[in-house]
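Following: one structure in structure tokens, then a few remarks.
Bear in mind these aren't lab numbers, they're just calculated from the coordinates by the rules spelled out. Because the structure is predicted, anything quoted here is derived from the model rather than measured. Please note: Cβ atoms are built from the backbone with ideal geometry, for glycine as well, and neighbour counts cover all protein chains shown.
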Amino acid sequence: MNGFRYPAFLFLLLSVGVAFSQDSDTAAVEFQGFKERKIPYKQNVIKFSPIPLLFGQINFCGELRITYERMLTHNQSLSLGFSYNYPSLPLMLSTSLSRNGNIFKGINVFGARGTIAYRYYPLKSREAPEGFFVGPFVSYNFVQLREKGGSGSFVNINYFNANAVCGYQVEFGKGVMMEFVGGLGYRKNFIVEYDASTDRRSVSDLEGFLPPLKNVKFVLFVNLCYAFG
């Protein structure tokens, strides 16, 4: 009887091994991959809008505005933007043709704008950064007016806003995209005036065209984009 024990034991081990191998092969065949894409197909988006070059957020200024969007996950991103403010070309041309000459001739105009935005792409039918998105958007913009060769007095115009926005980003081909953004939020627009002769500083709110809505911000803009990486 001792001669039959070891062959029986080996036969049992082989049976278990074959069964385990069959189960592993079946599992490998049934696995279809992750349900959601874990890496975005484009991780970087550079954005530019030609409209602010002529008409920026602050009335008499143009903006050279560049925005960079970086995908954090397959459906979330962070955007950072920067603008350089300068006297708007239409205003400079119109005043240069008037009898009094260009009103900016004796004034230094300097300003900048910074923005930050978070985006969430909820639709699974599109691969972000293409598709519908929602998220918060915060912006701060300022322009300083200072007389050339003056006493040091200046006027600072400040625009701050925090908004909830939504929009859609669509690709036309080879990374060329366009985005449409709209939303609503809060704004705080004010002027800081400094008189160097008296060393006095004053702050006043900008009322705008509709004083009851002076703290209501409406967001609407369009960007040309290029996605890569």
Per-selection Rg to Rh, the stretch 37-228 - Cα, Kirkwood hydrodynamic radius: 1.06
Total formal charge among the other residues, if their Cβ is under 9 angstrom from that of residue 47, Lys/Arg +1 and Asp/Glu -1: -1
